[in-house]
Amino acid sequence: MDFLRRFTRQISFKNGLSVHDEKLPQYYLKDVASHCTIESCWMVIRDKVYDFTEFIEYHPGGYELMLEYAGADATTAFDEKPHTIEANAMLDKYLIGVLVKEDRMIS
Ligand code: HEM
């Protein structure tokens, strides 16, 4: 599992955002920052913007852990914790956009 996790992470770092991702709405980090509560919880993971408002209270690691990163970039936090391929696959469901180019870390 560890191998698979490292492998998928490498792919996303290498390829950055796809052509499809580039068609999504674009947000600044400051737009994300205003959604920093359990009532409206946005986060950035690998330059993509997610709205986790519907998910946060069901997070298996507890909502408090996620809330620490609400409105912020959670890439490192998400990758450092023991998240399976399944957890990674869940991300797409909450995808709402991408960061504007000047605010991106990876691509
Ligand atoms: C934002 C920062 C996040 C932190 C710090 C974090 C932390 C953690 C931790 C510590 C666990 C282990 C819980 C345990 O084994 O008792 C966990 C499990 C889990 N988390 Fe997160 N998490 C974050 C975001 C997310 C997101 C965005 C998702 C999916 C949309 C997610 C999905 C899951 C799932 C499904 C599990 C169960 C184990 C697995 O299938 O990987 N987490 N998380």
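The values are calculated or read from the model by the stated rules, or taken from the named source; none is laboratory data. Since the structure is predicted, the reported quantities are computational estimates derived from the model, not experimental observations. A quick note on method: Cβ atoms are made from the backbone with ideal geometry, for glycine too, and the neighbour counts reach across all protein chains shown. Keep in mind that these areas ignore ligands, DNA and RNA; they rest on the heavy atoms of the full protein, side chains included. Shrake-Rupley method; radii C 1.70, N 1.55, O 1.52, S 1.80 Å.
Sequence-ordered 3J(HN,Hα) estimates for segment 62-74 from the Karplus curve with 6.51, -1.76 and 1.60 and θ = phi - 60° stand at x, 6, 4, 4, 5, 4, 4, 10, 4, x, 9, 7, 10 Hz, glycine and proline given as x.
Taking all Cα pairs closer than 8 Å and separated by 6 or more residues, the relative contact order of the chain comes to 38 percent.
If you plug the beta carbon distance of F55 and E102 into 1/(1 + (r/R0)^6) with R0 = 30 Å, you get a FRET efficiency near 0.60. Annotation for A89 and A33: the two label points, set 7 Å from Cα along the Cα-Cβ direction, are 3.7 nm apart. Taken one residue at a time, the phi angles of segment 34-44 give Karplus couplings (6.51, -1.76, 1.60, θ = phi - 60°) of 7, 10, 10, 10, 5, 7, 8, 10, 9, 8, 10 Hz. Gly and Pro are set to x. Seen from a random direction on average, the alpha-carbon convex hull of the chain projects onto 6.2 square nanometres.
Solvent-accessible area per residue in the chain equals 62 Å², computed with a 1.4 angstrom probe and all protein chains kept. Summed over qualifying helices (DSSP H, 4 residues or more, each -39500 (n - 2.57)) and divided by its residue number, the chain shows a 222 nm mean residue ellipticity of -9000 deg cm²/dmol. Scanning residues 5 or more positions from T53 or on other chains, those with amide H under 5 Å from its amide H are C41, with H placed 1.01 Å from N in the peptide plane. Close Lys pairs in the chain (alpha-carbon distance under 21 Å; sequence gap of 8 or more, or different chains): 13. Take the Cβ atoms of E68 and S18, set R0 to 30 Å, and the FRET efficiency comes out at 0.55.
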